[in-house]
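The values are calculated or read from the model by the stated rules, or taken from the named source; none is laboratory data. This one's a predicted model, so the numbers in the text were calculated from it and none came from an experiment. All Cβ positions, glycine included, derive from the backbone under ideal geometry; neighbour counts span all protein chains shown.
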Amino acid sequence: MTISKIPPEILTSIAMFLSKRELRQSSLVCKQWRQPFYEELWRTVRLYNEAAINAMLCLHSQNKYMTYGQYVRNLFISGETPVSRGNILVLQQLFPNTRHLDIALSYPETTDISINWSVWKSLTELAVDFQYYIDSSVMTSCSVILSHLSYLTTLGLVFGDTYTSRIGDFEAIHYYLPYLKSFSIKLKSVRVIEKDIKLINEAVPANNVWKLSITMDMQDLQWLYYFAVKYPNVREMTLYVIGERDYLKDCNLAVAKSRISSLPHVFPSLDKLTLDNSAHATLFPLAFYQCFYDKTLSIKEFIYQFYIMPNEERIVERTTREFMRVSSKTIESMTLSENDYMECSNPRDLTTLFTDCPRLVCLHFDNCGSCLKFDTIADCCPSLKELKLYRGGVYIGPEAIKSFKPHGLRILNLKEASIDPDTLKYISVRCVSLSHASFHRLVVFGTISADTGNLLIDMSNARLTELLIDGLFYRAPEAVGLWYPITKIDLMKLVRLTKPYPQTGERYEQTDQYSANHVSIYETETTWYNVFTCAYWSAPSDVYMLKQPEVDFIKEYFENYRDNMLPDKMQDICISKKNQYGIQYDVYPGRGYVTFMCGYAENSYINMEYRRSLDGFKWNSTKNMVEYLGKSFS
């Protein structure tokens, strides 16, 4: 088959994976290739600065969109540069086939132009920012636009601070858009009055809507009652509560609970819930779950983004506990994320929140400063495959090491978190399926040998596909929970298994009880890495493989570590290095080093793959395997 005979659908599939440069080159191969590759090249246009937008709106022969605008399917124009109604006519002429339009409209002039929005026959997704409107005419303009676009399936609206929305506005939107499936709206000011209750009770459910995102000052919880009535089939819901004060009243909560309890079903299809509250609306998430006290939400994925105000440290625990009370049996993925983190001297232990989660697969603590008792989590969450902790800490109880059942954890991602060597050893022994471990700026507290200056991290039982380490720090046990003192680990001694693993994972899975004291000794290879970090909050580290004379010198130094660390002999060893930018650094290994023992690592990256080590690894429950940016690991 000649290249000109390749079917267009195959060319289209290939085009999706090519860069813009490759798309341009491919479009020149032959006439048959031109259209599919040009369609992909011009599929999406994003304009962010005013100069580019003005150039696009000028209809002259040098305007490239006069020729190629017909291929554009997705058009995004920065909300910082609103377009007028007259500009809309130009957009309709330049981009007749667009399917997704994202714009901000300027406040209409006195000589406003009437626009026929139905000219866009292919338009199915629309996002309009009305924040530049300064009076109540905004809803009139919005209704006029939507009345021409009854075939929309996705809608996003943003209204300014000057407009107060009511229940009737939502009803009007759905009246004009009967086929709407995904709906997003941002409102600063909303209101529910007594006559709105009749509208709620008579509301026709928007049964087609499966994805809902609401941003508003939702202090009146009767809005929850309306959403439960209006969107019975929603599967993904995001509620972002904004406001300048936190004034939820008991009467609002009582009325909302009473009305919601009268409904036979509340969000029966809801799979994914995201709650995000501002610093002045911290009480809303707790009230949200109290409204469903007599109901059961079958939520599978929960994302809770929160602020913690002074004297409200327990609000996260209370809110999460309420959520787990109604969804612990169905939850599969949970993310807790603090929006304004400050390290606290007493990290919150949230272990007790997860004592009955049989289906929990992914647990993420992002910027929370919370800690977890790993042995309890492993006992109570048998399906857990992915544990990610950004800040905070992980520990085990005193009885954990005596006996336990093997666990199927696959991904361990610790970022700026605290942990002790015993816990790491316990994880490597109990989690027989652990395949991907990522440690970014990990803080290890334990005992540095007074004789050798060595801190041993023993994960000899780990059999990993990927081991990623970007910076290790040491903290004395008595300083755990404090910001300082913290010590940089200058050198790492990486020990890896070089011979096949003698005991297979299947053997472990057949063993009901196992002891962490049973650690085999393997033939190993040793590599010394210089792990340099300027300061605790510095940029990614520079790494150098030390030359043999330097290795010999350092080994001799640590063989006489006790003598070298006497007050009258104490001195730092200086190894001068230059990074790729020519900046010279001095490395002082006199503070100690880490021996990191890993049973086997198919691929190991020590500081050299910083970006790879962040959040690239995900557990895919559908495929039942680890994925990294589309690459699968069985």
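Listed here are the strands (runs of 3 or more DSSP E) enclosed by the stretch 321-424 that have at least 3 residues being touching a Pro at 6+ places or on another chain (Cβ under 6 Å), crowded, with 16+ Cβ neighbours inside 10 Å and hydrophobic (A, V, I, L, M, F, W, C), and there are none. Do the conditions hold for Tyr151, that is, is it over 24 Å from Val72 (Cβ atoms), of a type in the set (Phe, Trp, Tyr) and outside any helix (DSSP H, G or I)? Against the criterion (over 24 Å from Val72 (Cβ atoms), of a type in the set (Phe, Trp, Tyr) and outside any helix (DSSP H, G or I)), Tyr151 does not qualify. For the stretch 172-215, the tally of residues that are modelled with pLDDT under 85 and not in a helix (DSSP H, G or I) stands at 6. A single entry from Gly369, Gly408 fulfils the requirement of being at pLDDT below 90 and either among the small types (Gly, Ala, Ser) or assigned by TED's automatic domain parsing to the domain that holds Asn620 (or both): Gly369. If the condition is being in contact with a Gly (Cβ under 8 Å, 6 or more places away or on another chain) and either of a type in the set (Val, Ile, Thr) or closer than 19 Å to Met625 by Cβ (or both), then the stretch 355-399 contributes Thr376, Pro382, Ser383, Leu384, Lys385.
Scan the stretch 71-82 and tell me whether some residue there is over 35 Å from the mean Cα position of the chain (by Cα) and on the phi < 0 side of the Ramachandran plot. No: the stretch 71-82 contains no residue that is over 35 Å from the mean Cα position of the chain (by Cα) and on the phi < 0 side of the Ramachandran plot.
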